[in-house]
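S.K.: Take this structure first; my questions come after.
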Amino acid sequence: MVTSHGTGTGHRAATVKGVQVAGKTGTAQWGPVRKRRNAAWFTGFAPADNPLYAFAAVIEGNPGESIAGGANAAPVIGSVLAGLLKDYKPPAPAKPGEEAAAEKAETPAPAAERDAGETGEFTEDLMNPDGAPEAAPESAGE
């Protein structure tokens with residue numbers, strides 16, 4: 001609800017029509033009262049229902065300056081998201097029964113199941129598919 005248009009502290013980040021932003025604002029203070037400083041932040045992801053981007057913005061205020069996550073950090077994210085998501089088209093909703101089939105088809109098998117043969121031995125080194133480099137020859141006379 002923090003990004004709800006007009007009501008939440010992070011509503012200034014919800015600048016792209018039709019895109020729900022998920023986020024949380026925050027403000028922290030430190031230092032003695034006469035030199036107190038604030039840090040304001042906004043963090044989250046967008047679009048909320050189909051995340052493409054995760055973000056965090058932190059703004060450090062000058063001594064005595066009053067800043068807040070919703071007023072100062074959320075608009076920065078809103079500006080960035082407006083550029084990133086200006087042509088965003090949400091995915092078409094799945095028809096009943098298609099969602100589970102699509103999810104199963106898109107989910108790759110764990111590496112151990114994918115690469116182990118009938119013997120249970122791995123046939124490919126996923127971390128180094130070209131093989132390990134050969135050891136350097138030992139110098140003569142050592």
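None of the figures in this text is laboratory data; all of them are computed from the coordinates on show. What you see is a predicted model; the values in this text were computed from it and never measured. Please note: Cβ atoms are built from the backbone with ideal geometry, for glycine as well, and neighbour counts cover all protein chains shown.
S.K.: Sorted from fewest to most neighbouring beta carbons within 10 Å, what does the list ASP87, ASP49 look like? All intermediate terms of the calculation are to be shown ahead of the outcome.
M.R.: On the way: ASP87 5, ASP49 10.
With the sparsest Cβ surroundings first, the list reads ASP87, ASP49.
S.K.: Moving on. Pop a pseudo-label 7 angstrom from the Cα along the beta-carbon direction at both VAL80 and ALA94 and give the gap in nm to one decimal.
M.R.: 3.0
S.K.: Further, regarding this structure: Treating the beta-carbon of each Lys and Arg as +1 and of each Asp and Glu as -1, no other charges, what is the dipole magnitude of segment 11-84 about its Cα centre, to the nearest 20 debye?
M.R.: 280
S.K.: Putting +1 on Lys and Arg Cβ atoms and -1 on Asp and Glu Cβ atoms, find which of ALA57, PRO75, PRO32 reaches farthest to the positive end of the dipole of segment 11-84.
M.R.: PRO32
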